Amino acid sequence: MALQHAASGELIPLQRGDDDIAHFTSVALAKTGNMELIRLVLPKDRDMPLHKVDGEITLLCLQGEIVCDAHGKSVVLRPGEMLYLLGGVPHGLRANDDAVALLTILLTS
């Protein structure tokens with residue numbers, strides 16, 4: 001069964017569920033030809049290994065504390081803080097505390 005994405009104008013809940021944090025959870029909330037919107041749940045001390053995506057990204061921390069390793073340095077994101085990365089930049093993520101983030105990827109053709 002295909003994942004249903006949100007329709008234009010549809011409310012999208014972002015808070016984490018009671019059992020979300022037990023698993024590394026990535027849920028695509030909406031996807032168009034130009035962008036993908038993802039709710040990312042990162043349990044404490046669980047890493048997302050170094051990787052890259054073609055499109056530009058933003059990562060908005062909603063809850064907890066996330067460390068992003070990119071450009072040879074580590075940046076700590078706390079609730080209400082956002083990071084922007086150019087497409088193709090290798091980056092890794094880890095959570096110092098159980099965390100929820102909103103990830104936006106601008107898709108390339």
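Things to note:
- Hits in region 84-97 - residues which are at negative phi and surrounded by fewer than 18 Cβ atoms within 10 Å (Cβ to Cβ): Y84, L86, G87, V89, P90, G92, N96, D97
- Search result, residues across region 66-83 that are basic (K, R) and surrounded by 13 or more Cβ atoms within 10 Å (Cβ to Cβ): R78
- Residue match in region 92-101 (condition: at pLDDT below 95 and touching a helix residue (DSSP H, G or I) at 6+ places or on another chain (Cβ under 7 Å)): yes
- Any hit, region 43-65, residues being touching a residue at least 12 places away in the same chain (Cβ under 8 Å), touching a Cys at 6+ places or on another chain (Cβ under 7 Å) and open to solvent by 60 Å² or more (accessible area, probe 1.4 Å): no
Condition check ((1) under 17 Å from A30 (Cα atoms); (2) within 12 Å of the chain's Cα centre (by Cα)) across all residues:
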residue	(1), (2)
D54	no, no
G64	no, no
R78	no, no
L93	no, yes
A99	no, yes
I105	yes, yes
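- When residues of region 4-52 are limited to those that are modelled with pLDDT of 85 or more, of a type in the set (V, I, T) and within 13 Å of the chain's Cα centre (by Cα), the one nearest to S74 (Cα to Cα): V41
- Verdict on G80 being in contact (Cβ under 8 Å) with a residue 12 or more places away in the chain, assigned to a strand (DSSP E or B), small (G, A, S) and farther than 25 Å from N34 by Cβ: no
The values are calculated or read from the model by the stated rules, or taken from the named source; none is laboratory data. Everything numeric in this text was worked out from a predicted model, so none of it was measured. Here Cβ is always computed from backbone atoms with ideal geometry, including for glycine, and neighbour counts include all displayed protein chains. Keep in mind that these areas ignore ligands, DNA and RNA; they rest on the heavy atoms of the full protein, side chains included. Shrake-Rupley method; radii C 1.70, N 1.55, O 1.52, S 1.80 Å.
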